[in-house]
Amino acid sequence: MVKMESSTLSFFKNPTIIIFLIILFLLPHFTQNIHFHHVLIMFLLYATLSQAWNFIGGFTGLVSFGHATFFGIGAYAALVLLKKFGLTPWVGMLIGGGLAALLAFLIGYPVLRLKGHYFAISTFAIAEIMERLFLNWKYVEGAIGLPAPVLEENFLNFMWYKNKLPYFYIVFIFFLVVLLLAYKINRSRLGYYFRAIKQSIDAAEGLGIDTAKCKMVAFILSAFLTSLCGSFYAQYILYIDPPSVLSLDISIKIVLVTVLGGAGTVIGPILGSAILIPLSEYSRILLGGTGKGIDLIVFGALILLISVWQPQGLVGLFRQGRK
């Protein structure tokens with residue numbers, strides 16, 4: 001316990017991290033531009049999502065293309081429980097996280113036995129199945145989509161209509177908690193187990209590591225945190241349908257952000273999100289209707305360049321520059 005607390009203190013003693021967090025915390029107050037606030041919120045959301053994916057895809061090396069499933073479960077749990085049962089979205093968020101963790105546990109037993117591209121293909125298939133299921137599920141309005149009820153603006157209802165700052169500070173807290181969690185796990189014994197599995201699962205088992213248990217822990221933790229982000233997103237946009245929260249595009253964007261920044265590192269998802277998310281948002285504004293998909297083209301080009309020149313992502317480039 002003392003060791004974990006000291007690692008947290010050492011994290012907060014890093015002047016670069018402290019300056020970054022302070023600037024980020026105060027940045028929305030420098031302008032009243034609503035769209036700029038939106039870009040900041042999406043940056044923090046995808047940085048958190050990518051950090052959550054990092055537990056399974058970066059630390060353990062199991063590339064999942066199905067995280068939109070957990071994102072969508074969190075989104076639907078929050079809005080369905082609010083609209084049909086009147087439960088506060090905060091309760092729906094926790095229930096959604098529990099459902100996502102349970103689903104990760106159930107599908108983890110068969111899926112986590114697979115290796116390499118077989119695991120990636122299986123997660124892709126699960127995501128496609130879940131999207132088709134929700135498209136035809138009348139209870140959640142199927143392809144029509146599910147709008148949030150109009151309620152009074154307050155913290156309990158998780159709704160604000162004229163001001164995005166409450167959303168910014170909520171997602172900022174999410175981001176900070178997940179960042180600290182990733183930092184702690186990365187420096188803990190469990191983090192070393194994860195990296196051993198990534199390097200060689202056979203060698204890890206030879207050292208006595210329970211690889212099945214470690215992979216399951218990483219998968220469940222990643223699913224739970226991804227679901228919380230999905231619940232936040234649903235309350236932020238106040239309308240969801242299967243293509244907006246369960247599509248493959250979401251899973252791919254999460255992977256691209258992490259890989260570009262540096263998978264398996266704590267700072268990588270932040271760097272990737274800081275580049276790709278503003279690029280995505282502003283390219284759509286500048287190019288209008290003619291720019292549909294241009295952000296994905298740029299994403300692909302960046303990933304190609306990074307893969308060829310520096311597979312460790314932007315973190316690898318910075319490390320190489322320092323040397």
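Derivation of every value follows stated rules applied to the coordinates shown; laboratory data play no part. Fair warning: this is a prediction, and the values are worked out from it, not measured in the lab. Ideal geometry is used to build each Cβ from the backbone, glycine not excepted, and the neighbour counts take in all protein chains shown.
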>> Under the rule of at least 5 residues apart or a separate chain, name every residue whose amide H is placed under 5 Å from the amide H of residue 146.
In response: 240, 241
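Answer rounded, prolate or oblate for the range 133-236, using the Cα gyration tensor with square roots of eigenvalues a ≥ b ≥ c: rounded when a/c is under 1.5, else prolate when a/b is larger than b/c, else oblate. Provide the component values of the computation, followed by the final result.
Working: a/c = 4.78, a/b = 1.85, b/c = 2.58.
In terms of gyration-tensor shape, oblate.
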> If the chain between residue 135 and residue 279 were fully stretched, how many nm would it gain, using 0.36 nm times the residue separation less the Cα-Cα distance?
Replying inline: 48.8 nm
> Going toward the positive end of the dipole of the chain, with +1 on Lys and Arg Cβ and -1 on Asp and Glu Cβ, which of 240, 27, 181 do you reach last?
Replying inline: 181
>> Can you tell me how the chain classifies by the Cα gyration tensor, rounded, prolate or oblate, using a/c under 1.5 as the rounded cut?
In response: rounded
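Any idea what the relative contact order of the range 111-204 is, in percent, if you count C-alpha pairs under 8 Å spaced at least 6 apart?
Working: 28 pairs, mean separation 7.4, N = 94.
Relative contact order for the range 111-204 comes out at 8 percent.
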>> List the residues, sorted by chain then number, that are 5 or more residues from residue 157 or on another chain and whose placed amide H is less than 5 Å from its amide H.
In response: none
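FRET efficiency for residue 213 and residue 125, Cβ-Cβ distance as r, R0 = 30 Å, nearest 0.05? Write down the numbers at each step before the final one.
On the way: r = 24 Å, r/R0 = 0.81.
Plugging the Cβ-Cβ distance into 1/(1 + (r/R0)^6) gives 0.80.
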> Once the piece of chain linking residue 200 and residue 308 is laid out straight, how much longer is it, given 0.36 nm per residue of separation minus the C-alpha distance between them?
Replying inline: 36.6 nm
>> What do you get for trypsin sites (Lys or Arg not before Pro) in the range 81-177 restricted to DSSP loop and a cutoff of at most 16 other Cβ within 10 Å of the site's Cβ?
In response: 113, 115, 162
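As a check on your grasp of the helix formula, calculate [θ] at 222 nm for the chain: sum -39500 (n - 2.57) over DSSP H runs of n ≥ 4, divide by the residue count, round to the nearest 500. Numbers along the way, then the final one.
Details: 15 runs with 234 residues, N = 323.
Mean residue ellipticity at 222 nm (helix-derived): -24000 deg cm²/dmol.
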